[in-house]
Amino acid sequence: IQALELGPDDVVLDLGCGSGYSSAILSRLAGSVVAVDSDAELVRLAETNLSELEIDNVAVVEADLSGGYPAEGPYDGILVAAGAELIPETLTEQLSDKGRLIIVEYDGGPGRAMLYERSGTIIAKRPLFNLDAPILSDFMRKPEFVF
């Protein structure tokens, strides 16, 4: 979250928000947060938790994670709270100019927290640190037939 370098007017997309914990943290750093999960039970749990904490700058949405949530973009920050074998282009397309995306990327080796940053039409990426995180099913490579 720190690597997103958020400010009080920033709009953030929290993908895989789960119970709403990361969204609650993001809500204190940014102006507004769109929290997305594909699991209906987790969406209800996040809504309940955020409501109990009286957090009113987070909208919780049930949607496919790989598509992001373009209706509220562009985003100054996107946090994907788990791992990915592939990074959908739809996510980097939802970044504002100077927007940042954090995701745990797997490319055959250990997981690495990666920072993607948009500058105009250019998307640059750099590794932050190694870690292990569960891979979200929406971000897994599809099995290929090999003969």
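No lab work stands behind these numbers, since they all come straight from the coordinates. Treat the numbers as computed from the prediction; the structure is a model and nothing was measured. Cβ: placed from backbone, ideal geometry, glycine included. Neighbour counts: every protein chain shown.
Things worth noting here:
- Kirkwood-based shape ratio for the chain, expressed as Rg/Rh from alpha carbons: 0.97
- Mean ellipticity per residue at 222 nm, deg cm²/dmol - from DSSP H runs of n ≥ 4 across the chain, formula -39500 (n - 2.57): -5000 deg cm²/dmol
- Relative contact order (percent, whole number), the chain, Cα cutoff 8 Å, 6+ residue spacing: 20 percent
- Contact order relative to length of segment 1-47, as percent, for alpha carbon pairs under 8 angstrom and 6 or more apart: 43 percent
- Using the Karplus relation 6.51 cos²θ - 1.76 cosθ + 1.60 with θ = phi - 60°, the per-residue 3J(HN,Hα) values for segment 102-107 come to 10, 8, 8, 9, 10, 9 Hz, with x marking Gly and Pro.
- Computed Rg/Rh of segment 57-134, alpha carbon atoms with Kirkwood Rh: 0.96
- Gaussian network model of the chain, Cα within-10 Å springs - most flexible of ALA81, ALA133, ALA40: ALA40
- For ILE135, distant residues with modelled amide H under 5 Å away: GLY83
- Couplings for segment 53-59, taken from phi via the Karplus curve 6.51 cos²θ - 1.76 cosθ + 1.60 with θ = phi - 60°, read 8, 6, 8, 10, 10, 10, 9 Hz in order; Gly and Pro are left as x.
- Each of the peptides 60-73, 7-20 was scored by the mean count of other Cβ atoms within 10 Å over its residues; in descending order, highest first, they stand as 7-20, 60-73.
- Selected from SER22, ALA46, ILE123, residue furthest toward positive end of dipole (the chain; charges at beta carbon): ILE123
- Between GLY99 and ARG118, the built amide H atoms are under 5 Å apart, and every one of these is 5 or more places off in sequence or on another chain.
- Between segment 43-63 and segment 87-102, the alpha-carbon center distance in angstrom: 23 Å
- Comparing mean-square fluctuations of ARG112, ARG28, ARG126 from a GNM of the chain with C-alpha springs under 10 Å, the top value falls on ARG126.
- Rg/Rh for segment 1-81 stands at 0.92; both radii use Cα atoms, and Rh follows the Kirkwood definition.
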